[in-house]
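Below are the structure tokens for one structure; questions will follow.
The values are calculated or read from the model by the stated rules, or taken from the named source; none is laboratory data. What you see is a predicted model; the values in this text were computed from it and never measured. Here the Cβ positions follow ideal geometry from the backbone for every residue, glycine too, while neighbour counts run over all protein chains shown.
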Amino acid sequence: MSRTSVEQSPAENSVGIIKPKTIHFDQALELVCGKTLNQYDLIYETYGELNAEHSNAVLICHALSGDHHAAGYYAEDDRKAGWWDSCIGPGKPVDTNQFFVVSLNNLGGCGGSTGPNTTNPETGNLYGPDFPIVTVKDWVESQARLADKLNIQTWAAVVGGSLGGMQALTWSLSYPDRIKHAVVIASTPKLTAQNIAFNEISRKAITSDPEFHGGHYYNLSTVPTKGLMLARMIGHITYLSDEAMGEKFGRERKSSEFNFGYDVEFEVESYLNYQGKRFSKTFDANTYLLMTRVLDYFDPAADFGGSLEQAFEKSSCGYLVVSFSTDWRFSPERSEQLVSAMVKAGKSVSYAEIDSQYGHDAFLIPTERYMAIFSAYMGRIAQEVNVNES
Amino acid sequence: MRADLRVIEPWVEPDTQVLDLGCGDGTLLAYLQEKKRVLGYGLEIDQKQITSCIQKGVNVVEQDLDKKGLRNFADKQFDTVIMTQALQAIKRPDAMLDEMMRIGRQGIVTFPNFGYWRCRHYLLWYGKMPMSKTLPHTWYNTPNIHLCTFKDFEALCQQKNIKILNRTVVDANFEQSRFALMWPNLFAEFAVYRISR
């Protein structure tokens, strides 16, 4: 899941200073859960230029804790770039010299799009826990409306890692004629019982925090930071591999002697506490609950009697599927299930399993072979766009 | 054009589905895509080769045949399953042939002939495992762990009820010579077989 962005200073290959924009939608959105959002806002950023044919647009889909700020900086002295700045920019895999890149914050998020921490125009109060449970399909529907507003009929590619990959997959099934390529990184056709179990622990951590107040904590000026912190700590373990944690922390301690107590002594404890604390100050607990449910419910094969192969039957885009060797959250086997179903359905697909020690988080880390594969595929798409243009 | 492509191309029907086992940099599939409009997939484990395939616009799936086999593919899923110069490097060539016949309507197989006169001469004269331009490895580090002659291969096909539809024998440059046609097991360096069950 997209956690933190890499600290670096604005460089030549950056998209530079970015200003997010917001679009208001008046047309009601009927959700899979049966409820309706009569109006909503989506906040988004764009990088690069849309060509005359409007054929070079790429949609970036964020994961659990990501948002619209995928690349670039908000100010000159901004120390942190967007969460996928390593992959989006001039000369990078998603090359902004070639593509017009759109990145939004999804409905239910807490980055500026309509979600639990925004005002429900019908009541004048914040949505809080009453914000309807959205699904990946609903997101794709809202993204299609954003595409309409931006005059993008067809995406050259929809790209995402983890939960973002699920959106790319869903695009290819919901709007086969509006997507040329789907890039699905470190993703899965559905969550396993173990995945759902970890999500449930995260949810219980939040909902059992006395400051949670059934999700109505905004009005009480409290925040369930302890629960959110705990949820993040659990999540974080599942994003890393045993190997990566061993390499980073091993059994290093803050002092050479045991304290024979329960305060933080090991470096890994210190790290988890720090990450959890920092996250709990910037992310919204209701959004976290919602995102875990979006993950749990994702299962495109369910509409086809459980057959992934049939789910892919009507898709017509090309796929790039990428997995990482030490990812145990969405393991390479999950990606291989996707690939086998795509081949059985006679779809164009390429697949690579990248050797990486970074676990699920590897999709955010620009390792050499990952970048080579990603760049090669996006480069091929850029060629197609340019051929059709001339 | 690579000489083996010229032999293989006429055996592949237009607009069909092709699986290339050990597809290398994707040259064969790119060629068949262009000439025959096939829907092609390659299996490969070499990282650089996989990137080359993607750059060519060839579908490539990273899959280790020795570890995973072909069990993720359905019966008769492909019209043609191709395996060039890899049969001798696989742990169980016999099981691989069975799997190729399960998932494909026809198979195309090429491999170096260990009965080639230079191999025989090398062993007879030097008393050592043959090495040549086509088989440059020493016995202890060679990837070619199951070398065979044409006769061996054809006996295996017969035993497995696999029909040999065509056989083209060639020398190292994929040229056909009179000697190779007359005494293939002695004078041909490679054969390209078209098989089905």
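Step by step: first the residues of the range B:6-22, then only those that are crowded, with 19+ Cβ neighbours inside 10 Å, more than 14 Å from every other protein chain (Cβ to nearest Cβ) and closer than 24 Å to residue B:75 by Cβ, then the one that is modelled with the highest pLDDT. Which residue is that?
Within the range B:6-22, the match that is modelled with the highest pLDDT is B:12.
A further question follows. Go through the range A:97-106 and report how many residues are part of a loop (DSSP other than H, G, I, E, B) and closer than 16 Å to residue A:160 by Cα.
Final tally of qualifying residues: 3.
Which members of the range A:67-126 meet the condition of being in contact with a Leu (Cβ under 7 Å, 6 or more places away or on another chain) and either at positive phi or not assigned by TED's automatic domain parsing to the domain that holds residue A:147 (or both)?
A:108
Residue by residue through the range B:93-114, note down the ones that are closer than 25 Å to residue B:133 by Cα and either buried (at least 21 other Cβ atoms within 10 Å of the Cβ) or not hydroxyl-bearing (Ser, Thr, Tyr) (or both).
B:93, B:108, B:109, B:111, B:112, B:113, B:114
Are there helices (runs of 4 or more DSSP H) fully within the range A:278-390 with at least 3 residues that are in contact with a strand residue (DSSP E or B) (Cβ under 8 Å, 6 or more places away or on another chain)? List them.
Where helices (runs of 4 or more DSSP H) fall fully within the range A:278-390 and carry at least 3 residues being in contact with a strand residue (DSSP E or B) (Cβ under 8 Å, 6 or more places away or on another chain), they are A:332-344, A:368-389.
Please give the number of the condition residue A:202 fails out of (1) assigned to a helix (DSSP H, G or I); (2) at pLDDT below 95; (3) not hydrophobic (A, V, I, L, M, F, W, C).
Condition not satisfied by residue A:202: (2).
Right, next: Return the residues of the range B:171-191 that are surrounded by fewer than 22 Cβ atoms within 10 Å (Cβ to Cβ) and hydrophobic (A, V, I, L, M, F, W, C); say none if nothing qualifies.
B:172, B:174, B:179, B:181, B:182, B:183, B:186, B:187
Any residue at all in the range A:272-285 that is in contact with a Pro (Cβ under 7 Å, 6 or more places away or on another chain), in contact (Cβ under 8 Å) with a residue 12 or more places away in the chain and more than 14 Å from chain B (Cβ to nearest Cβ)?
Checking the range A:272-285: at least one residue is in contact with a Pro (Cβ under 7 Å, 6 or more places away or on another chain), in contact (Cβ under 8 Å) with a residue 12 or more places away in the chain and more than 14 Å from chain B (Cβ to nearest Cβ).
Looking at the range B:98-127, I want the residues that are of a type in the set (Lys, Arg) and have a partner that is surrounded by fewer than 22 Cβ atoms within 10 Å (Cβ to Cβ) and in a strand (DSSP E or B) with Cβ atoms under 7 Å, at least 6 apart or on another chain. Which pairs are those?
Going by the 7 Å Cβ cut-off, the qualifying pairs are B:105/B:79; B:105/B:196.
Working only within the range B:163-197, note down all residues that are hydrophobic (A, V, I, L, M, F, W, C) and in a strand (DSSP E or B).
Passing the criteria: B:164, B:165, B:169, B:170, B:190, B:191, B:192, B:195.
Given the residues B:64, B:25, which is the only one that is among the charged types (D, E, K, R), touching a Ser or Thr at 6+ places or on another chain (Cβ under 6 Å) and either surrounded by fewer than 22 Cβ atoms within 10 Å (Cβ to Cβ) or away from chain A (no Cβ under 11 Å) (or both)? Explain how you work it out, then say what you get.
Numbers: B:64 fails: touching a Ser or Thr at 6+ places or on another chain (Cβ under 6 Å).
After applying the criteria, what remains is B:25.
Kindly provide the set of residues from the range B:28-58 that are within 10 Å of chain A (Cβ to nearest Cβ) and at positive phi, ordered by number.
B:57
With the requirement that a residue be at the interface with chain B (Cβ under 9 Å from one of its Cβ atoms) and either touching a residue at least 40 places away in the same chain (Cβ under 8 Å) or within 24 Å of residue A:237 (Cα to Cα) (or both), what does the range A:341-353 give you?
Within the range A:341-353, just A:353 meets the criteria.
Go through the range A:354-373 residue by residue and tally those that are within 23 Å of residue A:235 (Cα to Cα), surrounded by 19 or more Cβ atoms within 10 Å (Cβ to Cβ) and within 13 Å of another protein chain (Cβ to nearest Cβ).
Of the residues in the range A:354-373, 2 are within 23 Å of residue A:235 (Cα to Cα), surrounded by 19 or more Cβ atoms within 10 Å (Cβ to Cβ) and within 13 Å of another protein chain (Cβ to nearest Cβ).
Okay, next question. Assuming residue A:84 fulfils every condition listed in (1) assigned to a loop (DSSP other than H, G, I, E, B); (2) surrounded by fewer than 21 Cβ atoms within 10 Å (Cβ to Cβ); (3) in contact with a helix residue (DSSP H, G or I) (Cβ under 9 Å, 6 or more places away or on another chain); (4) of a type outside the set (Val, Ile, Thr) apart from one, which condition is it?
The number of the failed condition is (2).
Separate question: Identify the residue in the range B:67-98 that is in contact with a Lys or Arg (Cβ under 8 Å, 6 or more places away or on another chain) and over 19 Å from residue A:346 (Cα atoms) and, among all such residues, is farthest from the other protein chains (Cβ to nearest Cβ). If you could, list the steps in order and put the result at the bottom.
Start the filter on the range B:67-98 by keeping residues that are in contact with a Lys or Arg (Cβ under 8 Å, 6 or more places away or on another chain), which leaves B:70, B:73-80, B:94, B:97-98.
Pick out the ones that are also over 19 Å from residue A:346 (Cα atoms) and you get B:94, B:97-98.
Working: B:94: 24, B:97: 21, B:98: 19 Å.
So the residue we want is B:94.
While we're looking at this one, here's another question. Go through the range A:112-170 and give me each residue that's outside any helix (DSSP H, G or I), touching a residue at least 24 places away in the same chain (Cβ under 8 Å) and small (Gly, Ala, Ser).
Correct list: A:112, A:113, A:115, A:156, A:157, A:160, A:161, A:162.
Of the conditions (1) among the small types (Gly, Ala, Ser); (2) at the interface with chain B (Cβ under 10 Å from one of its Cβ atoms); (3) without any contact (Cβ under 8 Å) to a residue 60 or more places away in the chain, residue A:323 fails just one. Which one is it?
The number of the failed condition is (3).
Another one. Could you go through the range A:292-314 and let me know if any residue there is small (Gly, Ala, Ser), within 11 Å of another protein chain (Cβ to nearest Cβ) and surrounded by fewer than 24 Cβ atoms within 10 Å (Cβ to Cβ).
No, the conditions are met nowhere in the range A:292-314.
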